[in-house]
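Below is one structure, written out as structure tokens; the observations come after it.
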Amino acid sequence: MKKTAFITGATSGFGRACAEIFAEKGWDLVLSGRREDRLQELQKKFAEASVHIVVCDVRERAQVEAMVAGLPDSHVDIDLLVNNAGLALGMKPAQEADLDDWEIMVDTNIKGLMYVTRALLPSMVRRGQGHIINMGSIAGSWPYPGGNTYGATKAFVEQFSNNLRADLHGTGIRVSNIEPGLAESEFSVVRFHGDREKADAVYEGTEPLTPQDIAEIVYWLTDRPPHVNINRLEVMPVCQSWGPFAVHRKNE
Ligand code: NDP
Ligand code: 8X3
């Protein structure tokens, strides 16, 4: 039976890699993002698959509602939602950070994810099937200097995922939260407002996760037997682990 995946943030990084893997596996796709040229390019690239593209800024509730209300009959039954659209902006300490950056992260990573989920859930519940895979982050569990609001938005994603599972008890719908660590995509270029040198420095001398690594995990989650729900899955590259607690000393 044909299945349909709805992927937000499909124009780059993890979302794009997910689109590739699900197209290869023969799924139909709904791909969304703000950059229309990239969505069109993907639609051409996956000519073999049935791909519906929608330009949508997930921060805009009316746009999200229109996107879901406007799904064509061929793509209306969504088996998988990959709530992936998201971003980090800035790495300054809280006392210096730009409040506009904070608001954009809250509007995208929290409110956008809420809007898309709320719009798609009723039809999943009606059909008694579906899987929501949210893109959390290690930053949702582990604090680091400059992580402030970004980490807090991903902590929301983790707890929202758990609470969705509680609400969806008995419906047959699965919910998973993936929590990746260091991964190379456009993430750091966006985080540093287009400063490619700073972005490249994040990955210098490392072997980070790739979007393909994450897409394979997303596919694997969907490919578990229907009675199996992976609640959360944290993944880091081998080159990444934890540091000691920071202790400020009087002579510093
Ligand atoms: P990219 O910057 O490569 O991709 C981000 C995607 O999100 C783009 O397709 C972008 O599309 C979309 N997006 C951003 N803002 C909006 C918006 N307002 N409306 C609609 N779409 C939007 O980064 P990644 O692929 O790395 O990130 C994907 C997710 O993974 C994010 O949620 C991120 O927080 C998370 N993550 C990333 C990690 C990393 O190290 N890379 C690690 C852990 C989690 P467009 O600009 O076209 O709208
Ligand atoms: C992205 C991972 O460690 O840069 O979510 O916050 S990290």
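The values are calculated or read from the model by the stated rules, or taken from the named source; none is laboratory data. Small disclaimer: the values here were computed from a predicted structure and weren't measured. Virtual Cβ from ideal backbone geometry, glycine too; neighbours counted across all protein chains shown. When the accessible area is computed, the model is the full protein with side chains, heavy atoms only, and any ligands, DNA or RNA have been set aside. Shrake-Rupley method; radii C 1.70, N 1.55, O 1.52, S 1.80 Å.
Structure above, values below:
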{"item": "Near pairs, Cβ below 6 angstrom, 6+ apart or cross-chain, from the range 31-59 (in contact (Cβ under 8 Å) with a residue 12 or more places away in the chain and over 23 Å from Ala69 (Cβ atoms)) to any residue that is assigned to a loop (DSSP other than H, G, I, E, B) and away from ligand 2 (no atom under 16 Å from the Cβ)", "result": "Arg38/Thr11"}
{"item": "So Val106, is it surrounded by fewer than 20 Cβ atoms within 10 Å (Cβ to Cβ), assigned to a helix (DSSP H, G or I) and more than 16 Å from ligand 1 (Cβ to nearest atom)", "result": "no"}
{"item": "The range 61-102: number of residues that are free of Cβ contacts under 8 Å to residues at least 40 places away in the same chain and surrounded by 15 or more Cβ atoms within 10 Å (Cβ to Cβ)", "result": "1"}
{"item": "Unique match (being away from ligand 2 (no atom under 16 Å from the Cβ) and buried (at least 22 other Cβ atoms within 10 Å of the Cβ)) among Phe46, Phe6, Phe14", "result": "Phe6"}
{"item": "Meets criteria (without any contact (Cβ under 8 Å) to a residue 12 or more places away in the chain and either within 16 Å of ligand 2 (Cβ to nearest atom) or farther than 19 Å from Leu71 by Cα (or both)) for Asp107", "result": "no"}
{"item": "The range 161-185 - residue that is farther than 24 Å from Pro93 by Cβ and charged (D, E, K, R) and, of those, least open to solvent (accessible area, probe 1.4 Å)", "result": "Arg174"}
{"item": "Top-ranked residue in the range 210-229 [being of a type in the set (A, V, I, L, M) and closer than 19 Å to Ala17 by Cβ; ranked as most open to solvent (accessible area, probe 1.4 Å)]", "result": "Ile217"}
{"item": "Any chance Glu207 is under 23 Å from Pro93 (Cβ atoms), open to solvent by 90 Å² or more (accessible area, probe 1.4 Å) and either part of a loop (DSSP other than H, G, I, E, B) or polar (S, T, N, Q) (or both)", "result": "no"}
{"item": "Residues located in the range 124-175, provided they are away from ligand 1 (no atom under 16 Å from the Cβ) and under 17 Å from Phe187 (Cβ atoms)", "result": "none"}
{"item": "Helices (runs of 4 or more DSSP H) completely within the range 141-203 that count 3 or more residues being within 16 Å of the chain's Cα centre (by Cα)", "result": "148-167, 187-191"}
{"item": "Among the residues listed as Glu184, Glu207, Glu197, the single one being more than 30 Å from Val125 (Cβ to Cβ) and away from ligand 2 (no atom under 16 Å from the Cβ)", "result": "Glu197"}
{"item": "Residue pairs meeting the criteria (Cβ under 8 Å; at least 6 apart or on separate chains; first farther than 15 Å from Lys92 by Cβ and open to solvent by less than 40 Å² (accessible area, probe 1.4 Å), in the range 134-160; second more than 10 Å from ligand 2 (Cβ to nearest atom) and among the acidic types (Asp, Glu))", "result": "Gly136/Glu158; Ile138/Glu234; Gly140/Glu158"}
